[in-house]
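Single-structure report; data block below.
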There are 2 protein chains.
Amino acid sequence: MQEQALDFDQLEVGYDIPARPGMALSQVQTPALIIDLDAFESNIARLQADCDAKGVALRVHGKMHKCATAAHYQIAQGAVGICCQKMSEAESFARAGIKDILLSNQVRDPLKIDRLARLPKLGCKLSVCVDDAQNIEALSQAAGKHGIELDILVELESGAGRCGVGAGQPALELAQAIISAPHLSFKGLQAYCGTAQHIYDYEGRKAAIDKTIEEAKVTKELLESHGIPCEIITGAGTGTYPMEAASGVYTEMQCGSYAFMDADYQRVLDEDGKPLLHFQNALFIFTSIMSVAKQGGAICDAGLKSQSLNLAFPQFMAAPIYAMRLARMSMAILLTRMACCAPMINCCWCPAIATRPATCTTIMSVSEGTKLKPFGPSLHGASLSKSWRL
Amino acid sequence: MQEQALDFDQLEVGYDIPARPGMALSQVQTPALIIDLDAFESNIARLQADCDAKGVALRVHGKMHKCATAAHYQIAQGAVGICCQKMSEAESFARAGIKDILLSNQVRDPLKIDRLARLPKLGCKLSVCVDDAQNIEALSQAAGKHGIELDILVELESGAGRCGVGAGQPALELAQAIISAPHLSFKGLQAYCGTAQHIYDYEGRKAAIDKTIEEAKVTKELLESHGIPCEIITGAGTGTYPMEAASGVYTEMQCGSYAFMDADYQRVLDEDGKPLLHFQNALFIFTSIMSVAKQGGAICDAGLKSQSLNLAFPQFMAAPIYAMRLARMSMAILLTRMACCAPMINCCWCPAIATRPATCTTIMSVSEGTKLKPFGPSLHGASLSKSWRL
């Protein structure tokens, strides 16, 4: 794990950072993000092994953690590079030394396109998705202006109802436009069905992905019949990657959540109706109690602004836990007067909250004796600014 | 409005800042926060006039904007000071020169209490709430250690089911403990019913606040009957302040949301069943379109991580707007291929989204000609790092 060159002597605990290296968990200024490094490393190894076994590349999604330290570790363990979802993420990863970046989204604003075309000068291989002919022209002009070549993927609309063109003919037309445009190289297709990742039921999830795979396959074959090979077919997420990896169509997996996991993935079931437990929750909010005036309860210092509730409610790991209640504007947690460890995941879309009993035991059993180490700052502009590892 | 001493020459548009002073709205790197300063100043003036007319002090809540520039302006217009909800907010406001701060919450962690007791040395008057006798002892010791006096309020549990002791005897006992403790001054009561602020129905909202007011009144009278005067009774929010201000019990209003407003407050109705429209939406997300591949629709670049959905869905101001759809993991907005102005409020608890037709007209009519000026960075550590004003 690459250490960050932070000058801790210049930083004030509480105001600038939640803790100093070597502090015990009980000294951390809460709320703070804590990474269980054993769980994190286990997750990285597990998915890499799965991808290696299936003969597909792993391009980890950096929008999940927005942390170059984590990305460098994932690449050191075998990932071919990262994806990211925004220009500002791509710039931050490139400046942090990531050498292979797919901007798995559209970039349309003229100034952003110019920023994009300047990035390869930082020494990174850069690719980007398109779903519109005008965009191809704008990207080509910017690449020419800055004297670079850009790798381009055509994005297929794959069920999320967002960006992407339809499978087949519309994708073929864009591929042909890319090939005709100077300074651009057509590399293949992106077919990512985000909405399928959290379909709890295995059959429902499989049906959604089967459709996505079929559309990618049909489009690939159409392009090949026109003499256009697809070097890359990229997509897949934590909830569905075994299906895309086994499809024979995909060459590259874009999983992100698996590295830290989130609570909602506990509800996603495998073929046998059991939770997908091969990835562990690895990112937690460490919080402390600030009021026990309420009879039989306590209030912690991690409120709504410390997390996000878009996908799943927080789950608490401290024992004994009596109950939990989510008030409209704040969270009142009923537990004993002790520091509690609330697991948190900054998942693909937003910070969510996660737990598993095993992780609870892991964290709580080391809460007194374990010394903290810095994990690494998150990207420039990201809201989770510093993380700490056990 | 106090200008911030930012060195814009050292900052890169897109990576560091969304725009430079003097840029047109069309050049802003999106998503970006935009403040309608006319609306903001009108809101500040309106609430200050209301409080002045009722003879109550206004202590604006800084957790809404977490921006010292905004707080300095509110104080210059007549506010007695600010409240904030966390130690890190109090430190940031104090370092930014705010001279009168109420930490309207409990501070329990020993290191945080030490940080609290160091703050008055920065030249600010500081008060804090308590709901527990042990906390009084800890605050007293820290104040003694650092050679300062701390002003203390007893927090009443006022309907939110969070911090605070019961009205009457429990509050009296805490007041007596404060008076007995060295280095502490008992100042009065905090009785804030957060859950009442967004009760849409006027009668329901009034019933909740009448109960809160009655409990504050009973407690104040009990303390007075024991020779303990309450110099301050503080509470109230944007949704209910006319009730507390007219009560004859409260001396101080803690409104926060009124300065920028949020979408949900449009649903809060007055006595006549009409929306409370005397405050205007003043904070917006400026976003741009990145895909129009979807038939009849478009996708913008302000996703879930650019906002929060805890309280209300975003509402869009660009015309013509055809429809809007909130997918599970991203937001697809169906509108024309144009930059759109989505109004946003970082409300009391989290960033939420707001709009009103009048504001729409205001923003859109100036979108081409208006030059941007920096408004001011938000507090150290806050997630909304820079705002711009029209």
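The values are calculated or read from the model by the stated rules, or taken from the named source; none is laboratory data. All values derive from a computational prediction rather than experimental measurement. Heads up, the Cβs are rebuilt from the backbone with ideal geometry, glycines too, and the neighbour counts pull from every protein chain shown. Surface accessibility is based on the protein's heavy atoms, side chains included, excluding ligands, DNA and RNA. Shrake-Rupley method; radii C 1.70, N 1.55, O 1.52, S 1.80 Å.
Key figures
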{"read-out": "Protein-protein interface of segment A:80-116, residues with accessible area decrease of at least 20 Å², isolated chain reference, 1.4 Å probe", "value": "A:Lys86, A:Glu91, A:Arg95, A:Gln106, A:Arg108, A:Asp109, A:Leu111, A:Lys112, A:Arg115"}
{"read-out": "Residues whose placed amide H lies under 5 Å from that of B:Ala57, excluding near-sequence neighbours", "value": "B:Glu252, B:Met253"}
{"read-out": "Per-selection Kirkwood Rh - segment A:94-143 (Cα, Å, 1 d.p.)", "value": "11.1 Å"}
{"read-out": "Exposure ranking of A:Lys220, A:Lys86 by accessible area [1.4 Å probe, largest first]", "value": "A:Lys86, A:Lys220"}
{"read-out": "Residues with amide H under 5 Å from that of A:Ser291, placed H, sequence gap 5 or more", "value": "A:Ile299"}
{"read-out": "Rounded to whole Hz, the Karplus (6.51, -1.76, 1.60) HN-Hα couplings of segment B:48-55, x for glycine and proline", "value": "4, 5, 4, 5, 4, 5, 8, x"}
{"read-out": "Student exercise, segment A:169-228 dipole from Lys, Arg, Asp, Glu Cβ charges, in Debye to nearest 20", "value": "160 debye"}
{"read-out": "Surface share of carbon and sulfur [accessible, 1.4 angstrom probe, percent] for segment B:119-217", "value": "53 percent"}
{"read-out": "B versus A: buried accessible surface, summed, Å² (probe 1.4 Å, to nearest 100)", "value": "5200 Å²"}
{"read-out": "Accessible area of A:His198 in the full protein assembly, 1.4 Å probe (Å², nearest 10)", "value": "10 Å²"}
{"read-out": "Rounded if a/c under 1.5, otherwise prolate or oblate - segment A:38-267, Cα gyration tensor axes", "value": "oblate"}
{"read-out": "Net charge of Cβ neighbours under 15 Å - reference B:Gly227; Lys, Arg +1; Asp, Glu -1", "value": "-3"}
{"read-out": "Amide H within-cut-off set for A:Gly81, under 5 Å, with H built and near neighbours excluded", "value": "A:Val60"}
{"read-out": "Those residues of segment A:127-153 for which accessible area with every protein chain present is at least 10 Å² below the isolated value (1.4 Å probe)", "value": "A:Asp131, A:Asp132, A:Gln134"}
{"read-out": "J(HN,Hα) series, segment B:104-120, from Karplus relation 6.51 cos²θ - 1.76 cosθ + 1.60, nearest Hz, glycine and proline x", "value": "7, 6, 8, 10, 10, 4, x, 5, 5, 5, 5, 4, 4, 6, 8, 4, x"}
{"read-out": "Distance (nanometres) between label positions extended 7 Å along Cα→Cβ at B:Asp52 and A:Lys211", "value": "6.1 nm"}
{"read-out": "From phi via Karplus (6.51, -1.76, 1.60), per-residue ³J(HN,Hα) for segment B:252-259 in Hz, x at Gly/Pro", "value": "8, 9, 10, 4, x, 4, 3, 5"}
{"read-out": "Ascending list, in nanometres, of distances separating the B:Ser225 label from those of the other copies (7 Å, Cα toward Cβ)", "value": "9.1"}
{"read-out": "Protein-protein interface of segment B:242-290, residues with accessible area decrease of at least 40 Å², isolated chain reference, 1.4 Å probe", "value": "B:Met290"}
{"read-out": "Other copies of B:His146: label-to-label distances in nm, shortest first, labels 7 Å along the beta-carbon direction", "value": "4.7"}
{"read-out": "For A:Val56, net neighbour charge (Lys/Arg +1, Asp/Glu -1) across residues whose Cβ lies under 14 Å away", "value": "-3"}
{"read-out": "Rounded to the nearest 10 Å², the accessible area of A:Thr240 at probe 1.4 Å", "value": "0 Å²"}
{"read-out": "Local electrostatic count, A:Ala71, Cβ distance below 13 Å [Lys/Arg +1, Asp/Glu -1]", "value": "+3"}
{"read-out": "Label point 7 Å beyond Cα along the C-beta direction, distances from B:Pro21 to other copies (nm, shortest first)", "value": "4.0"}
{"read-out": "Full-extension gain in nm, B:His278 to B:Ala133, via 0.36 nm per residue minus C-alpha separation", "value": "48.0 nm"}
{"read-out": "Three-way shape call for segment A:192-267 based on the alpha-carbon gyration tensor, with the a/c threshold at 1.5", "value": "prolate"}
{"read-out": "Average partner coverage of B:190-202, which counts Cβ from other chains inside 10 Å", "value": "1"}
